[in-house]
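What follows is a set of notes on a single structure, which appears directly below.
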Amino acid sequence: MTILKVLHFPDERLRLKAVPVTEIGPEICVIAENMLETMYSEGGIGLAATQVNIQERIVVIDLSEDKNEPIILINPEILKLEGKEVTQEGCLSVPDYFDVVERAKNIEFRYSTIKNEIITKKVNGLLAICIQHEIDHLDGKLFIDYLSPLKRNRLKKKIHKQKIENNRFKKSERLENKSLNKIL
Ligand code: NI
């Protein structure tokens, strides 16, 4: 298995729209395995292929405490959105930044499994939020796109400052801080 490089905002490749997977073969399985490995190593709970510079509609998620309940979604599609929920979100592509985003509380969605079965499901809570966040990635959208222009500006300044700080602090110290939150 290989740990892939996660693209960071403002990398323009995060804005590319992923295309549907047409054939679920060994190549797709390898990509999904590598994405899971990458997500676990980065301490995230979700990862979309777009974030590792692969423009195919593949998402991996694991919300379990022990990181042993991986979910692989091929060509995930939202069929229905219901209700509203405001959650604090983070993203492996926007390191060390968390903010509240309003999304649908309940969703109905459809996806293909790695075994090529098509499944339709209704979910809520963190899983529903995570799926909406990851499908956004496949469409070239980031959670920070939902922030007000004022907040986005603040974030840009923060990222600029971080670049300077990152040269001063060791990576291990930053990872320690990050592990306190859930990162999608
Ligand atoms: Ni994300």
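The values are calculated or read from the model by the stated rules, or taken from the named source; none is laboratory data. Everything quoted here is computed from the prediction, not taken from an experiment. Every residue, glycine among them, receives a Cβ derived from its backbone with ideal geometry; neighbour counts consider all protein chains shown. Areas reflect the complete protein model, heavy atoms only, side chains present, ligands, DNA and RNA absent. Shrake-Rupley method; radii C 1.70, N 1.55, O 1.52, S 1.80 Å.
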Q.
When you scan region 2-25, do you find a residue that is surrounded by fewer than 17 Cβ atoms within 10 Å (Cβ to Cβ), closer than 18 Å to Ile135 by Cα and of a type in the set (Val, Ile, Thr), even just one?
A. yes
Going through (1) crowded, with 18+ Cβ neighbours inside 10 Å; (2) more than 18 Å from Leu127 (Cα to Cα); (3) within 14 Å of the chain's Cα centre (by Cα) one by one, Leu36 fails only at (2)
>> Going by what's in this entry, would Val101 be described as in a loop (DSSP other than H, G, I, E, B), within 14 Å of the ligand (Cβ to nearest atom) and either buried (at least 18 other Cβ atoms within 10 Å of the Cβ) or on the phi > 0 side of the Ramachandran plot (or both)?
In response: no
Output for Cβ contacts, cut-off 8 Å, separation at least six or different chains, first residue charged (D, E, K, R) in region 28-45, second surrounded by fewer than 18 Cβ atoms within 10 Å (Cβ to Cβ), reads Glu33/Met1; Glu37/Met1; Glu37/Thr2; Glu37/Ile3
If we keep only residues of region 133-160 that are modelled with pLDDT under 95, in contact with a strand residue (DSSP E or B) (Cβ under 9 Å, 6 or more places away or on another chain) and open to solvent by 20 Å² or more (accessible area, probe 1.4 Å), then the residue nearest to the ligand (Cβ to nearest atom) is Ile159
Screening Asp62, Asp96, Asp11 for residues that are under 17 Å from Gly125 (Cα atoms) and touching a residue at least 24 places away in the same chain (Cβ under 8 Å) leaves only Asp62
State whether the residues of region 113-132 include one that is within 18 Å of Met39 (Cα to Cα), within 16 Å of the ligand (Cβ to nearest atom) and either open to solvent by 50 Å² or more (accessible area, probe 1.4 Å) or touching a Phe, Trp or Tyr at 6+ places or on another chain (Cβ under 8 Å) (or both).
yes
By residue number, the members of region 58-98 that are polar (S, T, N, Q), within 14 Å of the ligand (Cβ to nearest atom) and either at pLDDT below 95 or open to solvent by 10 Å² or more (accessible area, probe 1.4 Å) (or both) are Thr87, Gln88
Here the residues within region 126-148 that are under 10 Å from the mean Cα position of the chain (by Cα) and either under 18 Å from Leu7 (Cα atoms) or not β-branched (Val, Ile, Thr) (or both) are Cys130, Gln132, His133, Glu134, Ile135, Asp136, His137, Leu138, Leu142, Phe143
Is it the case that region 44-54 has a residue that's out of contact with any Pro (no Cβ under 8 Å at 6 or more places or on another chain), open to solvent by 30 Å² or more (accessible area, probe 1.4 Å) and modelled with pLDDT of 95 or more?
yes
